[in-house]
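Below is one structure; the comments refer to it alone.
The values are calculated or read from the model by the stated rules, or taken from the named source; none is laboratory data. This one's a predicted model, so the numbers in the text were calculated from it and none came from an experiment. Here the Cβ is made from the backbone with ideal geometry for all residues, glycine too, and neighbour counts use every protein chain on show. Areas reflect the complete protein model, heavy atoms only, side chains present, ligands, DNA and RNA absent. Shrake-Rupley method; radii C 1.70, N 1.55, O 1.52, S 1.80 Å.
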Amino acid sequence: RWYFVWEYAKIVLRTRKEAQAGIYDDNKWIESSHDIFHVAERCGAKMHIYGLDNLRKSNEPVVIISNHMSTLETMIFPCLITPFMRLTFVMKKSLVEHYFVREVMRSREPIVVSRVNPRDDFNLVMEQGYEILKQGKSIVIFPQTTRKTIFKPEDFNTLGVKLAKKAGVKVIPVAIKTDFWENGKGLLKDLGPINRKKPVYIKFGEPIEIKSNGKEENKQVIDFIATNLKKWDNL
C-alpha cells in the first residue's frame, strides 16, 4: 500500500508542477495516467480491459457512463480513452479546490458540480455538457453520487442519458470493478489499502443511441454494468 501511495504521490506532484507551468496537455494527461496504470500493475493489479474497439470505432463525441468504485478508474480512464477521443469529466467541486490536484483538474476543463443543490448541478451539466459535446469533446459521467463497492441501480441517475439525448450523441456504457484499490477512511479516503487478490476489470460497451425519452437506454446501461459485475464476482 505505502509503495503505491509513494509512487502515486510522486506522479501527482510532477503533474502539479506541469499544470502550474501550463504544459499539462492531453499527451501529459495520458502519460501520467499510463504511469499510474503501471504502478498499479507493479503492486499486483491484474488488469482486464475489454471493448476498446468500441472507443476506436467512435467517430463522434459520446457520453461515457460508468459505475464508480474507487479512485483508480478516475486515474486510468485518461490513458484508455483519450488516445481515441478528446475527453473531460463531470467532477465534484472539492477536486478542483484540492491543494495538490486543483491545477491538474482545472487544466482538464471539467464540468464542476457542487453536490449541494441537485437541480443546479443538473442544469449546469446539461448546459455546459451540451456545449462541450458540440465542440467535439466527450464527457465521462459517474451517475452514482459517490464511490461505492456495491452497485445499486436505484442510486444510478439518468443524467448521462439525458445529456446525450439533448446533444444528439450516443452513450457508451462502462462496467468497472476496481476494488483492488479500496476506499480509505477519513483523511485517507483517497489513499485506501491495496488488495492484490482482486483483479481489475474494465469493459467498454457498444455505443447506444438514445431513441426515446432515455428510460430504456438508461436501463440498458444499468443492465450492462450489473451483468458484468455479477460475472466478475463469480470468477
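Within the stretch 1-59, being over 20 Å from ILE202 (Cα atoms) and in a loop (DSSP other than H, G, I, E, B) holds for ARG1, ALA21, GLY22, ILE23, TYR24, ASP25, ASN59.
Taking the conditions exactly as written (open to solvent by less than 20 Å² (accessible area, probe 1.4 Å) and under 28 Å from GLY51 (Cβ atoms)), does GLN135 satisfy them or not? Taking the combined requirement at face value, the residue does not satisfy it. Counting the residues of the stretch 35-79 that are modelled with pLDDT of 95 or more, open to solvent by less than 10 Å² (accessible area, probe 1.4 Å) and hydroxyl-bearing (Ser, Thr, Tyr) gives 1.
For the stretch 173-190, filtering for residues that are open to solvent by less than 50 Å² (accessible area, probe 1.4 Å) and either out of contact with any Ser or Thr (no Cβ under 8 Å at 6 or more places or on another chain) or free of Cβ contacts under 8 Å to residues at least 24 places away in the same chain (or both) leaves 2.
Cβ separations smaller than 7 Å between residues 6+ apart or across chains give the following pairs from the stretch 64-80 residues that are in a helix (DSSP H, G or I) to residues that are among the aromatic types (Phe, Trp, Tyr) and open to solvent by less than 10 Å² (accessible area, probe 1.4 Å): THR71/TRP181; LEU72/PHE180; LEU72/TRP181. Only residues that are modelled with pLDDT of 95 or more, part of a loop (DSSP other than H, G, I, E, B) and of a type in the set (Lys, Arg) were counted in the stretch 151-190, giving 1.
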